[in-house]
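Take a look at the structure below.
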Amino acid sequence: MQKIDRNKWRPFGHELRQQRQLAGMTQRQLAGKVGLSHGMVGAIERCTRKPQAEQSDAFDVVLDTGGILRRLWQQLAEQRHVPDWFKDVLIMERRATEIREYEPTTIPGLLQTPGYARTLVNARRTTATVEEAEEMVTTRTGRLSVILENGRPLLWFILKEAMFSRTVGDENIMREQLAHIIKLAEDGVVRVQLLPDTPTSAAPGTPFRVMALGGTQSVVYAEHALGGETFDKPEQVNAMTTLFGMLQAEALPVPASINLIRKINGERYGDVD
């Protein structure tokens with residue numbers, strides 16, 4: 001049997017024991033649910049056996065940890081690649097402690113109201129049935145509340161100013177959408193900065209987001225015409241983090257941005273409150 005570095009894996013053993021006890025399970029009960037022997041679970045908790053990736057996944061599912069053990073395993077194993085279950089952007093954003101997103105053309109999905117989302121879905125998914133379209137709208141507009149169930153991560157958005165003068169749907173939809181963003185910002189749920197159009201702007205033409213998944217692990221999700229792609233190499237994440245910082249410097253401060261959204265809403269869509 002290969003010798004295990006007990007000091008290295010002690011945090012995992014401690015966390016597993018703590019999560020098991022919080023779930024009200026004995027070692028024997030947990031072992032039965034994940035398909036391991038009682039002795040193996042005890043050995044992992046005592047750090048005399050190294051856990052495997054699939055075992056950490058199984059523990060997370062049974063103990064309903066939200067991915068804590070897999071993320072910890074990833075850090076301890078010193079593997080920089082993102083696990084397969086992080087590839088889904090919806091799963092990633094639910095586990096993220098920070099999301100920094102840049103969007104140049106439309107209100108990001110996390111900030112959309114049902115009316116705004118429905119307009120986009122109906123325009124882009126022309127073959128979807130009414131039921132399918134409504135399911136997409138519900139999924140999209142429900143994402144923010146799902147994220148907030150596990151706390152309040154840092155949610156920072158940089159949005160091109162021009163998108164707020166482009167009517168999606170009608171004036172009522174836009175008035176509701178802009179008011180929704182203002183309220184989220186005033187309640188401290190999100191931070192929003194507007195990016196004016198300038199000849200020397202570093203702003204790319206496609207959206208992207210940088211997500212911190214806990215510890216030292218971060219990923220970039222970049223969208224394109226055919227969907228999106230995840231990048232997790234340190235140099236890729238660093239490059240996009242730097243770009244986001246440059247865009248922050250170009251954008252209006254948060255208070256000025258919210259005031260401008262309120263001004264646009266009043267002047268263009270009739271919200272004078």
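The values are calculated or read from the model by the stated rules, or taken from the named source; none is laboratory data. Bear in mind that the values here come from a model prediction, so they are computed numbers and not experimental data. A quick note on method: Cβ atoms are made from the backbone with ideal geometry, for glycine too, and the neighbour counts reach across all protein chains shown.
Checked against the criteria, N172 does not count as in contact with a helix residue (DSSP H, G or I) (Cβ under 8 Å, 6 or more places away or on another chain) and within 28 Å of T230 (Cα to Cα).
What do you reckon, is T119 part of a helix (DSSP H, G or I) and more than 26 Å from G67 (Cβ to Cβ)? Judged against the criteria, T119 is a match. Against the conditions (1) closer than 28 Å to N122 by Cα; (2) buried (at least 17 other Cβ atoms within 10 Å of the Cβ), T230 satisfies every one except (2). Could you tell me whether D197 is loosely packed, with under 12 Cβ neighbours inside 10 Å, free of Cβ contacts under 8 Å to residues at least 40 places away in the same chain, of a type outside the set (G, A, S) and more than 26 Å from R94 (Cα to Cα)? For D197, the condition - loosely packed, with under 12 Cβ neighbours inside 10 Å, free of Cβ contacts under 8 Å to residues at least 40 places away in the same chain, of a type outside the set (G, A, S) and more than 26 Å from R94 (Cα to Cα) - is met. Taking the stretch 110-123, which residues are surrounded by fewer than 19 Cβ atoms within 10 Å (Cβ to Cβ) and not aliphatic (A, V, I, L, M)? Result: P114, N122. Look at Q217 and say whether it is under 30 Å from F12 (Cβ atoms) and either crowded, with 19+ Cβ neighbours inside 10 Å or outside the structural domain of K263 (by TED's automatic domain parsing) (or both). Judged against the criteria, Q217 is a match. In this structure, is E176 among the acidic types (D, E) and either in a strand (DSSP E or B) or free of Cβ contacts under 8 Å to residues at least 60 places away in the same chain (or both)? Criteria not met by E176. Quick one: is A162 modelled with pLDDT of 95 or more, more than 21 Å from T97 (Cα to Cα) and assigned by TED's automatic domain parsing to the domain that holds L110? Against the criterion (modelled with pLDDT of 95 or more, more than 21 Å from T97 (Cα to Cα) and assigned by TED's automatic domain parsing to the domain that holds L110), A162 does not qualify.
Can you find even one residue in the stretch 65-78 that is at pLDDT 90 or above and either part of a helix (DSSP H, G or I) or in the same structural domain as N150 (by TED's automatic domain parsing) (or both)? Don't jump to the end; show me each part of the working.
Of all residues in the stretch 65-78, those at pLDDT 90 or above come to none.
Checking the stretch 65-78: not a single residue is at pLDDT 90 or above and either part of a helix (DSSP H, G or I) or in the same structural domain as N150 (by TED's automatic domain parsing) (or both).
Apart from one condition, T242 fits all of (1) farther than 29 Å from R94 by Cβ; (2) under 19 Å from the mean Cα position of the chain (by Cα); the exception is (1). A single member of L184, L260, L252 is touching a strand residue (DSSP E or B) at 6+ places or on another chain (Cβ under 6 Å), at pLDDT 95 or above and in a helix (DSSP H, G or I), and it is L260.
Could you list all residues from the stretch 191-214 that are in a loop (DSSP other than H, G, I, E, B), aliphatic (A, V, I, L, M) and more than 14 Å from the chain's Cα centre (by Cα)?
Start the filter on the stretch 191-214 by keeping residues that are in a loop (DSSP other than H, G, I, E, B), which leaves 196-207, 213-214.
From what is left, the residues that are aliphatic (A, V, I, L, M) are 202-203, 213.
Listed by number, the residues that qualify are A202, A203.
Scan the stretch 39-56 for residues that are surrounded by fewer than 19 Cβ atoms within 10 Å (Cβ to Cβ), part of a helix (DSSP H, G or I) and in contact (Cβ under 8 Å) with a residue 12 or more places away in the chain and the total you get is 2.
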